[in-house]
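Encoded as structure tokens, the structure appears first; notes follow it.
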Amino acid sequence: MVDQVLTVAGLGVVLSRNGRKHRVLDDISFAVAPGEILAVVGESGAGKSTLGAAIQGLLPSDSAPEVSGSIRLAELEIVGSPPHLLRSARRLLVRAVPQDPMGAINPTMTIRRQLHESADGDETLILDSLRRAGLRDEKRIAGAFPHRLSGGERQRVLIAMAMMARPKLLIADEPTTALDVTTQAQLLQIVRNLAREEHTAIIYITHDLNVAAAVADRVMVLFGGRMAEIGTLREVARNPQHPYSASLFAARYDLTSDRSRPLPTKRTAFRRDETSERGCNYVLHCQIARPDCSSIRPRERRARSHSGLVACHRSDETPLPTIPVAASREAWAGEEVTDGPVALELLDVHKHFPADRQGVWERRRLIPALRGVNLSIALGQSVAVVGESGSGKSTLLKIAAGLMAADSGHVSCLDPRPQVIFQDSVSALTPWLSVGDQVGERLRPHVASAAERRRRVGEALQSVGLDPSLMHALPSELSVGQCQRAIVARAVVVPPKLLLCDEPISAMDVPLAAATLNLLNDLRRRLGLAMLFVTHDLAAARVIADRIVVLNKGTVVEEFEADMLQSPSRGAVTRALIEACPSLDAMLAR
């Protein structure tokens, strides 16, 4: 038996929010061996990030955490250890790579200074660590401040910091969520090398099953703070034994998904007030539940069709049903608009940004962000813009929204106030205003009556799948998915002619992302609006768009119908993006 780096037994975590206690993790048990990569998957609210924080002893103190069970890291018991031992563990035994690298790097210090302590001042070690983390221009990186680095470069710096400490365990919490597919592929390779060459145990937290397939040896599926299933990723993906695992794997979309119909989605998300502590927490969503599932909690046992464990009363008895589908699987209603008036047109658009001066007397250079971009979208059409980080996608969207002026060229927009759906839906809502107030704000110039505004707000919320009663809720009382739907409701309560989407699903779990894509597709068809969808997710681009535009270094290198994404005639840049996409199906086919 290989000694385990991490052993978790009966872990429970209770956090207090707004004066109420919530059991976020409930009786979680697993182990991770040296050199093994365990993917932790599940939808938003499953407890994935809380698990990572508990292992590090970093649960938020303002939530009055109550932790039970055992977390044994190497020879140290984390649960109940005093603060000085937890600090030593975080310095010597466990390191983390978070989703937002800027939150983990000191913005006032150069990278060299931040690596200096771990390297004991050894410049050669600093540069070598940056090089091993995939940073070829290591001298420039070492001398730079964090704000001068790209998101991918900052993530590599955090990996370099972790590698220098030679930890027993690395916790990667959604480290590639906001990265383009090529940068993501490079970081996943670095993570695999770290496990193989340094024998580091890795917990990789992700909502993307394709990413999990590209990096993990085993997978643990969480639902509502409980473990549903654990086993090798290949076995669980092929033969899931828990109904939730089956629905989660079936809800994913990829480059071959059917564009003519809504994507399959889970029926509903977990709510902690729906179930008791006694029974199965998936019982209200399960198609094969029996009466005792509500009163008797399922315990982990050997799975019937793979070598792992499953927590389900009926996994040995009944073949799992097909995924519950929330949206109709009939073809999209209505005809596609192909020759409507032009809603957005960009002709020979150029944009430059000044580069940072390296010296006081150096002449400031201009860096091109967009070079002669041409783009046209008609009413009823959807165009996706894809490309690597720094290709100019966000700059193009800001110019289309009127948030930034082009240096030269012509920009024409049929809608004087196009609506924007941002990546971070929670930050896009004012925290002290109710959802109804924020959705109804756009109605004030058009509807004088407060009663009529409430009626229109309720209809807008219903149109995006939200209960009208939520108009009285604050954003903090909504889930991430509900916040995103509230943003969409605000955008369409007065139907715009142009809807601009800036990475709206990049931080979402698979079922929620599929539901959001279905919603946007449905609204686009029903309202006849034009849509510009900026994304690094090629599968989402293919699902949502009529045409795909590929940007590279500020230049449109290719434009084609979405159905032709995988055509052999695609150019080198597009082929590189496609080849960098991780694929669960490709892993299973090997």
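Where a number appears in this text, it was derived from the coordinates with a stated rule and is not lab data. Source: prediction; values computed, not measured. Here the Cβ positions follow ideal geometry from the backbone for every residue, glycine too, while neighbour counts run over all protein chains shown.
Taking the Cβ of each residue in Arg113, Arg20 as the centre, tally the other Cβ atoms inside 10 Å and list the residues starting with the fewest. The partial results should precede the final answer.
Numbers: Arg113 14, Arg20 9.
Listing Arg113, Arg20 from fewest to most nearby Cβ atoms yields Arg20, Arg113.
Among the listed pairs Lys48/Lys497; Lys351/Lys497; Lys168/Lys393; Lys139/Lys168, those whose Cα-Cα separation exceeds 32 Å are Lys48/Lys497; Lys168/Lys393. Amide H contacts of Val549 (H built 1.01 Å from N, in plane; Pro and chain starts excluded): Ala384, Val385, Val386 sit under 5 Å, all sequence-distant by 5 or more or on other chains. Once the chain from Ala448 to Thr256 is taken as fully extended at 0.36 nm per residue, the excess over their C-alpha distance is 64.3 nm.
Computed from the mean reciprocal separation of all distinct C-alpha pairs, what Kirkwood hydrodynamic radius does region 106-165 have, in Å? Mind dumping the intermediate values first?
Working: mean 1/r = 0.0914 Å⁻¹.
Result for region 106-165 stands at 10.9 Å.
Among all stretches of the chain without exposed chymotrypsin sites (Phe, Trp or Tyr not before Pro) (DSSP loop, at most 11 other Cβ atoms within 10 Å), which one is longest?
1-360
About its Cα centre, the dipole of region 172-315 is roughly 760 debye, where the only charges are +1 on Lys and Arg Cβ and -1 on Asp and Glu Cβ.
Relative to the present Cα-Cα distance, how much length would full extension add between His22 and Glu197 at 0.36 nm per residue of separation? Each step should come with its number before you reach the end.
Values: separation 175, 0.36 × 175 = 63.00 nm, distance 4.02 nm.
In short, 59.0 nm is gained.
For region 409-456, the Kirkwood estimate of hydrodynamic radius, built from reciprocal distances between every pair of different alpha carbons, is 13.2 Å. Positive-end ranking of Ala451, Ala486, His472 along the dipole of region 431-491, with charges on Cβ about the Cα centre, is headed by Ala451.
Nearest 5 is fine: what % of DSSP beta bridges in the chain come out antiparallel, could you say? Don't jump to the answer; show the numbers that get you there.
Values: 48 of 81 bridges.
Counting DSSP beta bridges with both partners in the chain, the antiparallel share is about 60 percent.
Highest mean packing comes first when the peptides 95-101, 59-65 are listed by Cβ atoms within 10 Å, giving 95-101, 59-65.
Taking θ as phi - 60° and the Karplus parameters 6.51, -1.76 and 1.60, the scalar couplings of region 367-384 work out to 9, x, 9, 10, 10, x, 7, 10, 7, 9, 10, 8, 4, x, 9, 10, 10, 9 Hz in sequence order, x denoting glycine and proline. Remark: spin-label model distance Asp585-Ser295 equals 4.5 nm, labels positioned 7 Å along the Cα→Cβ axis.
Placing +1 on the Cβ of every Lys and Arg and -1 on the Cβ of every Asp and Glu, with nothing else charged, gives region 106-165 a dipole about its Cα centre of roughly 300 debye.
Give me D for the chain in µm² s⁻¹, whole number, from Stokes-Einstein with Rh from the Kirkwood sum over alpha-carbon pairs, 4 °C and 1.567 mPa s.
On the way: Rh = 25.6 Å.
The calculation lands on 51 µm²/s.
Taking only the alpha carbons of region 431-491, we obtain Rg and Dmax values of 10.5, 31 Å in that order.
Relative to the present Cα-Cα distance, how much length would full extension add between Ser61 and Ser567 at 0.36 nm per residue of separation?
176.8 nm
Once the mean of 1/r is taken over each pair of separate Cα atoms and inverted, region 424-537 shows a Kirkwood hydrodynamic radius of 14.3 Å. Using a cutoff of 8 angstrom between alpha carbon atoms and counting only pairs six or more residues apart, the relative contact order for region 379-456 works out to 14 percent.
Taking the convex hull of the alpha carbon positions in region 495-578 and averaging its projected area over all directions gives 6.0 nm².
Using the Karplus relation 6.51 cos²θ - 1.76 cosθ + 1.60 with θ = phi - 60°, the per-residue 3J(HN,Hα) values for region 465-471 come to x, 10, 5, x, 5, 6, 4 Hz, with x marking Gly and Pro.
The label point for Asn374 and the one for Arg526, both projected 7 Å from the Cα toward the Cβ, are 3.7 nm apart.
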